[in-house]
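Take a look at the structure below.
The values are calculated or read from the model by the stated rules, or taken from the named source; none is laboratory data. Worth saying up front: this structure is predicted, and the values here are computed from it rather than measured. Neighbour counts run over all protein chains shown; Cβ positions are idealised from the backbone, glycine included. Side chains included, ligands, DNA and RNA excluded: accessible areas come from the protein's heavy atoms. Shrake-Rupley method; radii C 1.70, N 1.55, O 1.52, S 1.80 Å.
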Amino acid sequence: MEKTWRWFGKKDKIKLSTLRQIGVEGIVSALHDIPNGEIWNLEDIIDYKNYIESHGLRWSVVESLPVSEAIKYGGEDRDSLIENYIKSLENLGKAGITTVCYNFMPVLDWARTDLFHEWEDGSSSLYFDKAKFAYFEIHILQREGAESDYSSEILQKVEELKNTLTEKDNNDLIDSVIVKTQGFVNGNIREGELNPVEKFKSLLALYDGIDKDRLRRNMQYFLEKIMPVCEKWNIQMGVHPDDPPFSLLGLPRIVTNEEDIDWLLNAVNNPHNGLTFCTGSLSANLKNDVPKLAQKFARRTKFVHLRSTNVFENGDFIEAHHLGGRGKLIEVIRIFERENPELPMRIDHGRLLTEDIDKGYNPGYSFLGRMLALGQIEGVMAAVQSELQKN
């Protein structure tokens, strides 16, 4: 697999020259300054591509070309937004950039309650605390009916949090759930938003009456519209699994498990309609056997995210060491090296190690932690390739 790295443009503290030195081959990036729904012009794409190539690297994957909310909930302007999306895809194809990672998650791109959960060794990582998220829904958002989505045990913990969390704790939780995790790339809510909770509520309201079946139909409609341009320019669309892979905020999730993936690949059964196989997102669902899913969907996978999680009985989950946890990356790498070895892959998230906090500006993205994992996984890939050659 091609070794790639997610890079957030010229604002990123991690430089392209540094990435080349540590063995990165391809860059995963996007035109982050262009607002959702607007067309990516060919000139801007080529300028960005040339900048990456001037450092001896290539722009391997677009992550992401965001799907506007109105496309997801089926708003009146969805057709015009899809037309803009098609034009952007065409321009990417003309520039020779043909792998696109995207998601179809309503409102929340991804969700964590703690961006710097500390481990015993002093490192930190992302953490999802189910009780704290329930507290956020019930007492900060005050979402009607939220209590019915949680067990009595979780609701008891929510009441305990209500009596212990301070105003600063509440603000930190708002910042973690709906600002920092959403606004750092093409987000609906950006840092500096004066009333992020009210803005977030207005976004949730757009999905009133949208259930799983309706969201699926809207996704199918979107994919059917874009497949002709994907066929013309050989663009490979890889949808990212929902993160976390279960319903939040009363919103439907439609890319969470084997049945969901089967549905989306068969609903638009076109070889250009595929999957971004994220071992971290999929492993956060205790019902998912990640290597089994990798084996089943290897041929329809367009891009691989390599990270892992540990999941606790109460539903909380945390980033694990890359070679530990439920992601079972060694088994997954063996499968993809055998079944689809030309895929781009990138090391994702991981633990923030000493001084990592100063090496990047995006939540959850370590430098030293990912660099360490890149070396470990490169060793696994080399061993697998050697075994395949012997056989």
| query | residue 383 to residue 87: extension gain in nm, 0.36 nm per residue of separation minus the Cα-Cα distance? | reply | 102.4 nm
| remark: For region 93-98, in residue order, the Karplus 3J(HN,Hα) values (coefficients 6.51, -1.76, 1.60; θ = phi - 60°; whole Hz; Gly and Pro = x) are x, 4, 7, x, 10, 10
| note | region 273-300 scanned against label point 7 Å out from residue 259 along Cα→C-beta; backbone N under 13 Å for 287-288
| query | What do you reckon, how do 47, 316 stack up by accessible area (1.4 Å probe), largest on top? | reply | 47, 316
| said: If you scale each eigenvalue of the Cα gyration tensor by 5 and take the root, what three semi-axes come out for the chain, rounded to whole angstrom and sorted largest first? | reply: 30, 26, 21
| field | Interchain or long-range residues, amide H under 5 Å from residue 309's placed H | value | 320, 326, 327
| Filter on 10/87; 10/302; 13/328 - keep pairs with C-alpha separation over 28 Å | 13/328
| said: If you take every residue apart from residue 41 with its C-beta less than 13 Å away from the C-beta of residue 41, what net charge results, scoring Lys and Arg +1 and Asp and Glu -1? | reply: -3
| message | What aspartates and glutamates does residue 162 reach when the alpha-carbon gap must be under 20 Å and sequence neighbours fewer than 8 apart in one chain are set aside? | response | 114, 129, 137, 144, 147, 149, 153, 172, 175, 316
| query | So what's the net charge close to residue 314: Lys and Arg +1, Asp and Glu -1, counting the other residues with Cβ under 11 Å from its Cβ? | reply | -2
| remark: Shape call for region 258-391, from the Cα gyration tensor axes a ≥ b ≥ c (a/c under 1.5 means rounded, otherwise prolate when a/b beats b/c, else oblate), comes out oblate
| request: Specify whether the C-alpha gyration tensor of region 11-142 places it in the rounded, prolate or oblate class, a ≥ b ≥ c being the square roots of the eigenvalues: rounded for a/c under 1.5, otherwise prolate if a/b is larger than b/c and oblate if not. | output: oblate
| query | When ligands, DNA and RNA are left out and all protein chains stay put, how many square angstrom of accessible area per residue does region 272-343 have with a 1.4 Å probe? | reply | 36 Å²
| message | Could you give each residue of region 306-312 its phi-based ³J(HN,Hα) in whole Hz, using Karplus coefficients 6.51, -1.76, 1.60 with θ = phi - 60°, and x for Gly or Pro? | response | 10, 7, 9, 10, 10, 10, 9
| DSSP beta bridges in the chain [antiparallel fraction, %, rounded to 5] | 30 percent
| query | Accessible area, 1.4 Å probe, largest first: how do 78, 334 sort? | reply | 334, 78
| message | Leaving out ligands, DNA and RNA, and with a 1.4 Å probe, what % of the accessible surface on region 166-276 is carbon or sulfur? | response | 46 percent
| request: Could you check the simple spin-label distance between residue 148 and residue 224, using points 7 Å along Cα→Cβ, in nm with one decimal? | output: 3.2 nm
| field | FRET efficiency, residue 312 to residue 94 (Cβ-Cβ, R0 45 Å, nearest 0.05) | value | 0.40
| remark: For region 282-294, in residue order, the Karplus 3J(HN,Hα) values (coefficients 6.51, -1.76, 1.60; θ = phi - 60°; whole Hz; Gly and Pro = x) are 5, 6, 6, 9, 4, 7, 8, 9, 5, x, 4, 5, 4
| query | Given H placed 1.01 Å from N in the peptide plane, which residues other than close sequence neighbours of residue 109 have an amide H under 5 Å from its amide H? | reply | none
